[in-house]
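**Student:** Handing you this structure, nothing more for now.
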Amino acid sequence: MSIDRLFSNLAGYMDQYAVLPILYHFHWMEWDDLAFDWCLICVYGLFAVILTYAICWPLERWRPIEHWPDQKAVLVDVFYTLLSRVGVLPVITFLLFYQVQTVSTAWLVNLGFIPPTLEELVPGLFGHPYLTFWIYALILDFADYWRHRLSHSFRAWYALHALHHAQRQMSFWSDDRNHLLDDVITFLWFFAIGLAIGIPPLQFPLLILLLRFIESFSHANIKLSFGPLEWLIVSPRFHRLHHGLRAAGRNSCNYGGVFPIWDIIFRTADFSPIYLPTGDARAPEALATGGYLEQQITGAKMFFRTLVKA
């Protein structure tokens with residue numbers, strides 16, 4: 001059985017025995033046509049988490065940068081990951097993107113304008129779905145480079161992003177450790193780019209999951225670089241410099257999430273062969289060692305306090 005068929009079967013069972021009964025109970029059957037796609041996205045998200053764990057956990061055991069006797073902070077990051085990859089967030093991402101793309105496309109067509117797709121802008125991409133997929137990924141990563149860099153440039157924005165940088169026990173679970181308001185900004189950012197370049201609705205969350213898989217690996221507690229290929233894909237050593245204590249805050253480096261080429265082009269790359277301790281010395285202790293709700297409340301207070309001061 002191919003992996004695509006396996007995922008489809010799992011999504012079918014989830015759709016039939018879990019989602020459709022809920023839709024029927026609450027009289028939401030107008031969404032039944034999309035229910036299978038929701039389930040498929042959740043299955044892909046679960047597979048991404050399992051694959052990340054299967055690859056990163058043995059490597060962290062083999063060549064760890066640090067050893068932590070108490071891993072309570074890591075367990076909080078596990079909750080962030082499950083919520084972001086398998087929970088309601090992927091479903092909301094698909095639902096909103098699908099609805100907004102449908103409505104906006106219909107509105108533009110009524111005005112006499114048909115939004116172009118990437119294949120229409122570059123005819124040579126017709127018949128090459130995998131190449132098109134990676135070009136979408138490259139465009140999204142370029143947009144994410146600037147989103148990430150700007151989040152370090154504005155005090156109020158960094159007040160939210162500080163939750164991500166406060167982790168002193170950075171592991172492959174840490175990528176999704178973000179404040180909900182920061183996640184909303186990130187989603188809207190990607191959302192606008194995805195609509196602008198005409199990403200198909202079902203490909204949008206899959207692209208995000210692919211990029212997030214590579215970003216999870218780059219956060220791993222692994223003493224690893226890619227040597228002469230370090231410029232090609234972000235490695236754990238390259239991204240750890242971004243999370244280093246000396247880099248926390250506004251004067252950082254290595255903003256790229258997947259491709260270091262943007263840091264090279266815009267001169268924010270640092271390929272130093274060192275592994276720094278991570279964290280943000282200026283962040284409240286609650287952001288580093290608190291539970292999920294405590295971190296969210298503390299981050300929100302910092303954000304609004306910074307806005308008031310501004």
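**Student:** Express the relative contact order of region 145-227 as a whole percentage, based on alpha carbon pairs under 8 Å and six or more residues apart in sequence. Intermediate results must be reported in sequence, preceding the final value.
**Tutor:** Numbers: 47 pairs, mean separation 30.0, N = 83.
Rounded, it is 36 percent for region 145-227.
**Student:** Helix 292-309 sits at what angle to the longest principal axis of the chain, using alpha carbons and giving 0 to 90 degrees rounded to 10?
**Tutor:** 80
**Student:** Report ³J(HN,Hα) in whole Hz for each residue of region 187-197, in order, from the Karplus equation J = 6.51 cos²θ - 1.76 cosθ + 1.60 where θ = phi - 60°; Gly and Pro get x.
**Tutor:** Calculated HN-Hα couplings, in order: 4, 4, 4, 5, 4, 5, 5, x, 5, 5, 9 Hz.
**Student:** First measure r as the distance between the Cβ atoms of residue 70 and residue 300, then evaluate 1/(1 + (r/R0)^6) with R0 = 30 Å and state the FRET efficiency to the nearest 0.05.
**Tutor:** Working: r = 26 Å, r/R0 = 0.88.
In this case the efficiency is close to 0.70.
**Student:** How tilted is helix 72-85 with respect to the longest principal axis of the chain? Cα atoms for both, answer in degrees (0 to 90, nearest 10).
**Tutor:** So the helix axis and the longest Cα principal axis differ by about 20 degrees.
**Student:** Ordered by packing density, taken as the mean number of other Cβ atoms within 10 Å over each peptide's residues, highest first, how do 15-25, 288-298, 140-150, 155-165 rank?
**Tutor:** Details: 15-25: 13.5, 288-298: 16.5, 140-150: 18.9, 155-165: 22.9.
Ranking, from highest mean packing down: 155-165, 140-150, 288-298, 15-25.
**Student:** Calculate one ³J(HN,Hα) per residue across region 141-157 by plugging θ = phi - 60° into the Karplus curve 6.51 cos²θ - 1.76 cosθ + 1.60, and present them in order as whole Hz with x for glycine and proline.
**Tutor:** The phi angles translate into 5, 4, 5, 5, 4, 6, 4, 5, 5, 5, 5, 8, 9, 10, 4, 5, 5 Hz.
**Student:** For residue 8 and residue 131 in one chain, what is 0.36 nm times their gap in residues minus the Cα-Cα distance, to one decimal in nm?
**Tutor:** 41.9 nm
**Student:** When the Karplus curve 6.51 cos²θ - 1.76 cosθ + 1.60 is applied with θ = phi - 60°, which whole-Hz ³J(HN,Hα) does each residue of region 118-134 get, with x for Gly and Pro?
**Tutor:** 4, 5, 6, 6, 10, x, x, 7, 4, x, 10, x, 5, 5, 4, 4, 6
**Student:** Return one number: the angle in degrees, 0 to 90 and rounded to the nearest 10, between the long axis of the Cα atoms of helix 3-14 and the longest principal axis of the Cα atoms of the chain.
**Tutor:** The angle comes out at about 80 degrees.
Each value in this text was obtained by applying a stated rule to the coordinates, not by laboratory testing. Quick caveat: nothing in here was measured; it's all calculated off a predicted structure. Cβ coordinates were reconstructed from backbone atoms using ideal geometry, including for glycine residues, and neighbour counts include every protein chain displayed.
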